[in-house]
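Scroll down for the structure; my scribbles are underneath it.
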Amino acid sequence: MDSLDIEVRRIIYDGFLAQGAAPGKKLIARLLNLPEPDIDAAFERLGEAHQLVLQPESREVLMANPFSVVPTAFKVTCGTRSWWANCIWDALGVSAMIGQDGVVETSCPDCGEALRLEIKASRLQPAEGLVHFSVPAARWWEDIIYT
Amino acid sequence: MLLFRSEVHIERWSETWRQPRGSLLSIEQVWGLAQAWYADDRRRPGWRRKTMAEAQEIFTSLGLTSPFWQL
């Protein structure tokens with residue numbers, strides 16, 4: 001992983017953690033005073049290394065796990081800020097990464113009933129719910145968006 | 001990786017959408033996965049993805065030892 005890739009990764013995660021959003025390639029190029037093709041290439045390398053998941057056409061960030069750029073069925077709130085997460089594992093991961101109390105809101109895919117998980121002082125509070133993993137672990141990255 | 005109300009709901013969803021039954025985890029197990037996977041700061045220059053062996057060790061520590069969880 002070269003130093004540009006590491007710096008781009010840091011800027012993306014900083015964006016999510018500080019502002020709840022990933023900066024786009026144009027902004028990153030401006031911040032680093034580099035041509036956009038250099039940032040395009042860094043994004044592709046990070047994508048190939050499974051450190052980012054890119055949107056299929058724009059090649060902007062879709063996921064920087066545990067964060068999603070687009071709205072999903074998993075909303076995480078820590079304090080006054082909220083993020084979208086990619087799945088229930090990632091939703092709990094947002095609270096673990098931020099290191100603050102958090103609330104995960106989603107709904108049962110079968111009946112639609114609202115489901116809520118709360119983390120307080122790094123402890124998951126007792127709650128209703130059971131998690132289903134559809135895809136065996138060895139095959140997760142065959143189609144990470146489906147997984 | 002979806003959260004359901006209960007196993008009954010998972011069974012009904014699997015049947016309705018013709019999805020194979022995969023692996024069922026408690027929310028506590030998934031919290032364990034989340035902490036093990038995401039507590040390390042990904043902004044650190046030295047951060048790297050877990051190796052297969054490291055990931056397998058995490059799964060084993062959480063009781064995830066069936067073939068579904070073999071990498």
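The values are calculated or read from the model by the stated rules, or taken from the named source; none is laboratory data. Here the structure is a predicted model, which means the values were calculated and not measured. Quick reminder, even Gly has a Cβ in these numbers, built from the backbone with ideal geometry, and neighbours come from all protein chains shown. Protein only, heavy atoms only, side chains kept; ligands, DNA and RNA dropped before computing areas. Shrake-Rupley method; radii C 1.70, N 1.55, O 1.52, S 1.80 Å.
Note on region B:31-52: among residues that are among the small types (G, A, S) and not in a loop (DSSP other than H, G, I, E, B), the one that is most open to solvent (accessible area, probe 1.4 Å) is B:A36. Among the candidates B:L62, B:L3, the residue that is under 12 Å from the mean Cα position of the chain (by Cα), crowded, with 17+ Cβ neighbours inside 10 Å and at the interface with chain A (Cβ under 8 Å from one of its Cβ atoms) is uniquely B:L3.
What residue, among those in region A:75-127 that are in contact with a Cys (Cβ under 9 Å, 6 or more places away or on another chain) and under 23 Å from B:W13 (Cα atoms), is surrounded by the fewest Cβ atoms within 10 Å (Cβ to Cβ)? So, considering only residues that are in contact with a Cys (Cβ under 9 Å, 6 or more places away or on another chain) and under 23 Å from B:W13 (Cα atoms), the one surrounded by the fewest Cβ atoms within 10 Å (Cβ to Cβ) is A:A114. Taken over region A:42-54, residues that are open to solvent by 30 Å² or more (accessible area, probe 1.4 Å) and of a type in the set (S, T, N, Q) amount to 0. Against the conditions (1) in contact (Cβ under 8 Å) with a residue 24 or more places away in the chain; (2) in a strand (DSSP E or B); (3) under 19 Å from B:Q19 (Cβ atoms), A:I144 satisfies every one except (2). Of all residues in region A:14-28, those satisfying the criterion of being buried (at least 19 other Cβ atoms within 10 Å of the Cβ) and either in a helix (DSSP H, G or I) or over 14 Å from the mean Cα position of the chain (by Cα) (or both) are A:G15, A:F16, A:K25, A:I28.
From (1) open to solvent by 70 Å² or more (accessible area, probe 1.4 Å); (2) of a type in the set (D, E, K, R); (3) over 16 Å from the mean Cα position of the chain (by Cα), pick out the condition that doesn't hold for B:E28. Against the list (1) open to solvent by 70 Å² or more (accessible area, probe 1.4 Å); (2) of a type in the set (D, E, K, R); (3) over 16 Å from the mean Cα position of the chain (by Cα), B:E28 comes up short only on (3).
Among the residues of region A:55-74 satisfying the criterion of being in contact with a helix residue (DSSP H, G or I) (Cβ under 7 Å, 6 or more places away or on another chain) and open to solvent by less than 50 Å² (accessible area, probe 1.4 Å), which is nearest to the other protein chains (Cβ to nearest Cβ)? Outline the logic, then answer.
Of region A:55-74, the ones in contact with a helix residue (DSSP H, G or I) (Cβ under 7 Å, 6 or more places away or on another chain) are A:59-61, A:64-67, A:74.
Those still in the list that are open to solvent by less than 50 Å² (accessible area, probe 1.4 Å) too: A:61, A:64-67, A:74.
Details: A:V61: 13, A:A64: 8, A:N65: 8, A:P66: 6, A:F67: 10, A:F74: 8 Å.
It comes out as A:P66.
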